[in-house]
Amino acid sequence: MQEHQYKSMITWTGNKGSGTKSYKDYDRDYNILIEGKPTLSGSSDTAFRGNAERHNPEDMLLASISSCHMLWYLHLCSVNKIIVTDYSDPAVATMVMNPDGSGQFASATLYPHVTITSDSNVQKAKDLHHEANKLCFIARSVNFPVEHVPTINSIQT
């Protein structure tokens, strides 16, 4: 079995002088550092006193699922002679909160809008979303369902 390892560094930047003395005394801001890549600015969701101008873990999880699916889909299209000229995905995920304050994602739904050339097979283009979902590293790693509702548009070449 082949293995790949990934590394990142999280650095909390939200100490306003008194650390975590109380729940309201600190910011939830942090930086994500990955060697050789731009720094990502993170925070918690605004529902949890986070900074709306920064990425939150929930958004990044959904974006990871969506981008992994897209990359697999594009690969599958390229090897199946489906020519994709445009791709976007306004993905949506639902997180549920428990009475004790914990929570978890219950589902994610991808809504890929794909444009293909007129000489590409529309049905095959739709079917490849099922394959991409089976192969996506991130979707295979989460413990909630990841659904997809693709829209395929064919354009004249």
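Remarks
- Condition check for Ala132: of a type outside the set (Lys, Arg), closer than 17 Å to His75 by Cβ and surrounded by 20 or more Cβ atoms within 10 Å (Cβ to Cβ): yes
- Subset of segment 136-146 [surrounded by 16 or more Cβ atoms within 10 Å (Cβ to Cβ) and assigned to a helix (DSSP H, G or I)]: Ile138, Ala139
- For segment 68-83, a residue qualifies if it is among the hydroxyl-bearing types (Ser, Thr, Tyr) and either buried (at least 16 other Cβ atoms within 10 Å of the Cβ) or closer than 13 Å to Val146 by Cα (or both), and exactly one does: Tyr73.
- Residues satisfying the stated conditions in segment 91-120, i.e. surrounded by 13 or more Cβ atoms within 10 Å (Cβ to Cβ), of a type in the set (Ser, Thr, Tyr) and either part of a strand (DSSP E or B) or more than 21 Å from the chain's Cα centre (by Cα) (or both): Ser107, Thr109, Thr115, Thr117, Ser120
- Segment 1-90 holds strands (runs of 3 or more DSSP E) entirely within its bounds, and those carrying 2 or more residues that are closer than 30 Å to Ile152 by Cβ and in the same structural domain as Pro145 (by TED's automatic domain parsing) map to 84-88.
- Near pairs, Cβ below 8 angstrom, 6+ apart or cross-chain, from segment 7-19 (aliphatic (A, V, I, L, M)) to any residue that is surrounded by 11 or more Cβ atoms within 10 Å (Cβ to Cβ): Met9/Ile32; Met9/Leu33; Met9/Ile34; Ile10/Tyr30; Ile10/Asn31; Ile10/Ile32; Ile10/Leu33; Ile10/Gly42
- Among the criteria (1) in contact (Cβ under 8 Å) with a residue 40 or more places away in the chain; (2) closer than 17 Å to Pro150 by Cα, the one Ser88 does not fulfil is (1).
The values are calculated or read from the model by the stated rules, or taken from the named source; none is laboratory data. What you see is a predicted model, and the numbers here were worked out from it, not measured in a lab. Cβ: placed from backbone, ideal geometry, glycine included. Neighbour counts: every protein chain shown.
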